Structure formats: C-alpha cells, structure tokens
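Inspection log for the structure reproduced underneath, given as structure tokens.
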Amino acid sequence: GLVKQYGIDAIMFNGNAAYRYFKKYYGKDDGLDGIIKKALPSTSPANAACSYERLVGEWGSAVNELKEKILKEKRY
C-alpha cells in the first residue's frame, strides 16, 4: 500500500475517534507492522477540554519524539 510504498514511518491521528475508526476498518492485522501509530488530542473546536497551548505542546512533543525515534532507527 501507500504507507510502505512511500516509506511512511508514523501515522498520528487527530483525536481518539480517528484512531478508533482506523482500528475498526483495519483491525489489529493492518499490515503496518513497524509503523508507529499514535492518537493525539483532537484539534477540533469541539474539544474544549484542550487549550491551544496544550494542543501545541502535545502535538509538538509527539512530533519531536517520533522524529527522534525514526532518526535513531534509520541512523540518518
């Protein structure tokens, strides 16, 4: 599929609902072993529980964490 064809190392989901739908349609045997999958807080305005600062912090931390892991594994 596209994920392996283009060398995608991680999929970050915009909210738990997006992650649940992914699992529902692809299940545990999604064929994406070794691909990092992570649900992050939704950026939707309906997600009033998260302040802008918290969203920026959590998304930024996740991106940096994944970047470091990918760089270590690929030894760039």
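Loop-only chymotrypsin sites (Phe, Trp or Tyr not before Pro) in segment 1-63, please: DSSP not H, G, I, E or B, and at most 10 other Cβ atoms within 10 Å. Here the sparse-neighbourhood loop sites are Y6. Taking only Cα atoms and a 10 Å spring cutoff, compute GNM fluctuations for the chain and point out the largest among A17, A48, A62. Top of the fluctuation ranking is A48. So what's the back-of-envelope 222 nm ellipticity for the chain, counting only DSSP H runs of four-plus at -39500 (n - 2.57) apiece and dividing by all residues, rounded to 500? Roughly -15500 deg cm²/dmol at 222 nm, from the helical runs in the chain. The phi torsions of segment 21-38, fed into the Karplus equation with coefficients 6.51, -1.76 and 1.60 and a -60° offset, translate into couplings of 5, 4, 5, 4, 8, 10, x, 5, 8, 8, x, 10, 4, x, 8, 6, 10, 9 Hz, rounded to whole numbers, with Gly and Pro shown as x.
Applying the Kirkwood pairwise sum to the alpha-carbon positions of the chain produces a hydrodynamic radius of 13.8 angstrom. Phi-derived couplings, Karplus 6.51 cos²θ - 1.76 cosθ + 1.60 at θ = phi - 60°, listed residue by residue for segment 52-69: 4, 4, 5, 4, 4, x, 5, 5, x, 4, 5, 4, 5, 4, 5, 4, 4, 5 Hz, with x used for Gly and Pro. With K and R counted +1 and D and E -1, the other residues having a Cβ less than 10 Å from that of F13 yield a net charge of +4.
Rule-based calculations on the coordinates, nothing more; no lab input. Here the structure is a predicted model, which means the values were calculated and not measured. Positions of Cβ are backbone-derived with ideal geometry, glycine not excepted, and every protein chain shown enters the neighbour counts.
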